[in-house]
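Everything below concerns the one structure shown next.
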Amino acid sequence: MAKGILERLAEGPVLGDGGYLLELEKRGYVQAGPFTPEVVIEHPDALAQLHREFLRAGADIVGVNCLNGPVQQLPIAVEMVEAVGRAVPIAAQPVAYATTDDRPDFTGSPDFPYGLSSMTLARGDLAAFAADARDMGVRYIGSCCGSVAEHVRAMAKVLEKRPAQEREWRSQTGKAMSAYEYYDHVETEV
Ligand SMILES: [Zn+2]
């Protein structure tokens with residue numbers, strides 16, 4: 001059976017893949033200037049071939065990182081999972097910004113880089129991504145630009161990696177000790 005990422009990390013350095021954007025521009029599949037991930041849609045075979053080369057060169061893990069929000073990035077990662085099966089761990093680390101099919105790269109937004117607050121995803125969006133990614137076979141799950149501790153914590157919780165310092169808590173007196181209890185909030189939110 002293929003080793004998991006933690007076993008590999010315990011044994012020594014784990015080697016990731018390289019970048020695709022500039023290399024595929026050199027190969028003529030991405031237009032310099034807009035630098036959008038157009039190759040994913042228009043020439044997926046070129047992207048797959050590049051990653052075969054990374055694996056042949058010795059990479060332990062390949063995947064997608066940055067630029068796309070979860071909604072645009074997850075299908076790319078799932079396509080990679082389907083392409084390599086269980087043999088190679090696939091990584092997905094989207095940005096915590098709401099990108100769209102029309103503009104899948106957050107750096108292409110007119111709000112980049114100073115107005116990104118209005119595009120920032122809620123922690124629950126990243127948690128939903130993490131759960132979906134796990135269910136679809138992505139084994140290295142993370143996040144990139146715009147993701148901060150609240151996002152990572154929500155992802156950790158949904159992946160059942162609840163931070164050690166958090167625990168179930170209820171007032172023992174029956175009297176509400178906080179607004180959280182006073183209004184009967186329960187731990188459904190992430
Ligand atoms: Zn990034």
message = Along its three principal axes, how long is segment 41-100 when you only count alpha carbons? Whole Å, largest extent first please.
response = 34, 23, 17
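Note down the magnitude of the dipole of segment 5-182 about its Cα centre, charges +1 on Lys and Arg C-beta and -1 on Asp and Glu C-beta and zero elsewhere, to the nearest 20 debye. Numbers along the way, then the final one.
Working: 17 positive and 24 negative charges, 151 e Å.
In total the dipole reaches around 720 debye.
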message = Can you compute the helix-only [θ] at 222 nm over the chain? Use -39500 (n - 2.57) per DSSP H run of at least 4 residues, normalise by all residues, nearest 500 deg cm²/dmol.
response = -11000 deg cm²/dmol
Rg(Cα) / (2.2 N^0.38 Å) computed for the chain, rounded to two decimals = 1.21
ask   = How much FRET efficiency would the formula 1/(1 + (r/R0)^6) give for His43 and Phe112, where r is the Cβ-Cβ distance and R0 is 30 Å, rounded to 0.05?
value = 0.75
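Run through the DSSP bridge list for the chain and note the antiparallel percent, rounded to the nearest 5. All intermediate terms of the calculation are to be shown ahead of the outcome.
Details: 1 of 8 bridges.
Of the beta bridges lying entirely in the chain, close to 10 percent run antiparallel.
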note = If amide H atoms are modeled at 1.01 Å from N in the peptide plane, then the residues at a separation of 5 or more from Val64, or on another chain, having amide H under 5 Å from its own are Ala91, Ala92, Gln93
inquiry  = Among Pro94, Pro70, Pro44, which one shows the highest mean-square fluctuation when the chain is modelled as a Gaussian network with alpha-carbon springs under 10 Å?
reply    = Pro44
query = Ignoring ligands, DNA and RNA, what percent of the 1.4 Å accessible area of the chain is carbon and sulfur?
reply = 55 percent
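Which whole-number percentage describes the relative contact order of the chain, with Cα contacts under 8 Å and a sequence gap of 6 or more?
18 percent
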request  = Quick one: give the max-minus-min coordinate of the C-alpha atoms of segment 84-160 along each principal axis, largest first, in Å.
outcome  = 39, 27, 15
task = Please work out how much accessible surface His43 shows to a 1.4 Å probe, ignoring ligands, DNA and RNA, in Å² rounded to 10.
result = 70 Å²
query = Per residue, how much accessible area does the chain show when a 1.4 Å probe rolls over the protein heavy atoms, in square angstrom?
reply = 61 Å²
inquiry  = Just to confirm my numbers, what's the Cα centroid distance between segment 42-69 and segment 118-142 in Å?
reply    = 20 Å
message = Using amide H atoms built in the peptide plane, which far-off residues or other-chain residues are under 5 Å from Tyr97 H to H?
response = Leu121
Tyr140, Tyr20, ranked by accessible area, largest first (probe 1.4 Å) = Tyr140, Tyr20
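The values are calculated or read from the model by the stated rules, or taken from the named source; none is laboratory data. Given the structure is predicted, the values throughout are model-derived calculations rather than measurements. Don't worry about glycine lacking a Cβ; one is built from the backbone with ideal geometry, like all the others, and counts go over all protein chains shown. For accessibility, only protein heavy atoms count, side chains too; no ligands or nucleic acids. Shrake-Rupley method; radii C 1.70, N 1.55, O 1.52, S 1.80 Å.
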